[in-house]
Ligand code: ARG
């Protein structure tokens, strides 16, 4: 049972009684508050709609409010707030109901939608850079949270698997001869660098690469066979990365640029028919209003290049049409670095001009900042190369193993390794998700892996400690009905636990995973205070012990579910 929902119902009745049916639906905006358990803000919302000051309105509402069974105290504060102090038995009842539910009492959204989430989206034959890592981690957390909130999630990995760079890559493969096997194309990164060097050095190679692009676009079978191999190797690599990272993206979620290739002619034809395209300096362009270049000229989206080829923008136009019309998306998320903000906004505007993107459907850029090294510059290896994701994970596991071996010396080596994997990967994800998404953040191993402070390992330890209390009790976890809130620390913990749904709704709306991180961190701290002040295993009476053990259990389950929604494992023992 959600206390806010119960209270809102009573406010609706009070509003009806005090002001009639018309105002009964006014949102009482009940929030947690420092001054009381909750505070309602409804009187301010009624300003101008009812006679008198907000304080008068609050007085009238309070007189009509029937919450005796829910609150043991209500009063008016400030210019029209109503303070609500909940009764302990009501809190106990709410929490017991939440505890009896696998979803911990969190209801699904009243109007579920189809959310199409574009995330990860790396490029074939290029190492995933830190930007793709952020996209992968943030996108996956959002997919999990929105899915839990009840929405239908369609994942779209917009893999860069098409384009002119394949001309030089394939030509380089041809030069290497047919003797090479898939293993030797495994290091696509190196292959890309070699091809690039040749391309820059040799005009003859450039010409061959250009010819090869034409062949690829024509669907020449031997050329396609090379292309398929490159993409295949890449997909295998990605599957491995996603597996290691514990990311929900599957091979079937890949909807790469090549998928849209057959649709590009049609997209351009439709834009022309609708009178939205015009030729500018030889290229066919759409000019979404409001975009100007540095010199003040209207900025184009190039939909067909002078040479007749299509590029990134045309593909994105085809993709947005596909996501709206074929996939039936109404909420389109693009988890892409902040530098692509202008490109994406232009795509949305063009899709609106074409009539594809129209309410209730909308597109949102889930932008994120860069990852910086301790020197404040782009995060790189000591040698100055981009950091390879698999190396990063390996290093995280290695560092985490040191922490685990020290903190959890009693675990057997196998378990230590598994825990180190969870801690290492969890730390990478948590540092990313807990920072303000649009800002840059500094990659700092020590802070990430610290077992104190707002870190992944801290939350994982908080969860495992809870589990160990339950194990030590030596009995089955008491049923939710055992919960009876009495001490102030129990009360604080109950209120924190009952705010889980609010944190989920917050992330659902704002698309900011750090709000869930902050919630979980606060919850752990509230739990610590409870555990310091309230004896659990040594409680005074069997009833108190059962209630407190049940509180430990709900806390552990809330932490585990919350971490899972962030894509982070919560080991039972650490
Ligand atoms: N592959 C692109 C890159 O690495 C990201 C694609 C983002 N998604 C999109 N629909 N444009 O920059």
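The values are calculated or read from the model by the stated rules, or taken from the named source; none is laboratory data. Note that the structure is a prediction, hence the values are computed from the model and not measured. Cβ atoms come from the backbone with ideal geometry, glycine included; neighbour counts cover every protein chain shown.
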>> Given the criteria surrounded by 20 or more Cβ atoms within 10 Å (Cβ to Cβ), farther than 23 Å from residue 313 by Cα and at pLDDT 95 or above, does residue 138 qualify?
In response: yes
>> Just checking, does region 139-151 include any residue being within 16 Å of the ligand (Cβ to nearest atom), more than 30 Å from residue 222 (Cβ to Cβ) and touching a helix residue (DSSP H, G or I) at 6+ places or on another chain (Cβ under 9 Å)?
In response: yes
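Against the definition (closer than 26 Å to residue 138 by Cβ and modelled with pLDDT of 95 or more), how does residue 283 come out, yes or no? Quick ask: steps written out before the conclusion?
Working: closer than 26 Å to residue 138 by Cβ: no; modelled with pLDDT of 95 or more: yes.
It is false that residue 283 is closer than 26 Å to residue 138 by Cβ and modelled with pLDDT of 95 or more.
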> Just wondering, is there one or more residues in region 206-223 that are surrounded by 15 or more Cβ atoms within 10 Å (Cβ to Cβ) and modelled with pLDDT under 90?
Replying inline: yes
> For residues in region 323-337 being assigned to a helix (DSSP H, G or I) and away from the ligand (no atom under 12 Å from the Cβ), which is farthest from the chain's Cα centre (by Cα)?
Replying inline: 325
> Of the residues 180, 153, 170, which is outside any helix (DSSP H, G or I), over 30 Å from the mean Cα position of the chain (by Cα) and under 29 Å from residue 241 (Cα atoms)?
Replying inline: 180
> Is it the case that residue 410 is part of a loop (DSSP other than H, G, I, E, B) and either at positive phi or without any contact (Cβ under 8 Å) to a residue 24 or more places away in the chain (or both)?
Replying inline: yes
> Any idea which residue in region 239-258 is farthest from residue 321 (Cα to Cα), counting only those that are within 14 Å of the ligand (Cβ to nearest atom) and in contact with a helix residue (DSSP H, G or I) (Cβ under 8 Å, 6 or more places away or on another chain)?
Replying inline: 249
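A quick yes/no check of all residues on (1) farther than 25 Å from residue 511 by Cα; (2) out of contact with any helix residue (DSSP H, G or I) (no Cβ under 8 Å at 6 or more places or on another chain); (3) outside any strand (DSSP E or B); (4) more than 16 Å from the ligand (Cβ to nearest atom):
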position: 272; (1), (2), (3), (4): yes, yes, yes, yes
position: 285; (1), (2), (3), (4): yes, yes, no, yes
position: 289; (1), (2), (3), (4): yes, no, yes, yes
position: 310; (1), (2), (3), (4): yes, no, yes, no
position: 321; (1), (2), (3), (4): no, no, yes, no
position: 345; (1), (2), (3), (4): no, yes, yes, no
position: 348; (1), (2), (3), (4): no, no, yes, no
position: 351; (1), (2), (3), (4): no, no, yes, no
position: 358; (1), (2), (3), (4): no, no, yes, yes
> Name the pairs: first residue in region 121-145 and over 25 Å from residue 509 (Cβ atoms) and outside any helix (DSSP H, G or I), second residue modelled with pLDDT of 90 or more and near the ligand (Cβ under 9 Å from one of its atoms), Cβ to Cβ under 7 Å, at least 6 apart or on different chains?
Replying inline: 122/159; 122/160; 123/160; 124/159; 124/160; 128/122
> Within region 163-182, is there a residue that is touching a residue at least 12 places away in the same chain (Cβ under 8 Å), farther than 17 Å from residue 232 by Cβ, surrounded by fewer than 21 Cβ atoms within 10 Å (Cβ to Cβ) and in contact with a helix residue (DSSP H, G or I) (Cβ under 6 Å, 6 or more places away or on another chain)?
Replying inline: yes
> Going by the structure shown, is residue 300 more than 16 Å from the ligand (Cβ to nearest atom) and either under 16 Å from residue 157 (Cα atoms) or surrounded by 20 or more Cβ atoms within 10 Å (Cβ to Cβ) (or both)?
Replying inline: yes
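Between 188, 159, which is within 16 Å of the ligand (Cβ to nearest atom) and surrounded by fewer than 21 Cβ atoms within 10 Å (Cβ to Cβ)? Reasoning before the result, please.
Details: 159 fails: surrounded by fewer than 21 Cβ atoms within 10 Å (Cβ to Cβ).
Exactly one residue qualifies, and that residue is 188.
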> Looking at region 194-212, is at least one residue within 30 Å of residue 425 (Cβ to Cβ), in contact with a helix residue (DSSP H, G or I) (Cβ under 7 Å, 6 or more places away or on another chain) and either in a helix (DSSP H, G or I) or more than 16 Å from the ligand (Cβ to nearest atom) (or both)?
Replying inline: no
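Restricting to region 122-135, what's the tally of residues that are more than 10 Å from the ligand (Cβ to nearest atom) and in contact with a helix residue (DSSP H, G or I) (Cβ under 7 Å, 6 or more places away or on another chain)?
Taking region 122-135 as the starting set, the residues that turn out to be more than 10 Å from the ligand (Cβ to nearest atom) are 125, 127, 130, 133-134.
If we keep only those that are in contact with a helix residue (DSSP H, G or I) (Cβ under 7 Å, 6 or more places away or on another chain) too, we end up with 125, 127, 133-134.
Matching residues across region 122-135 total 4.
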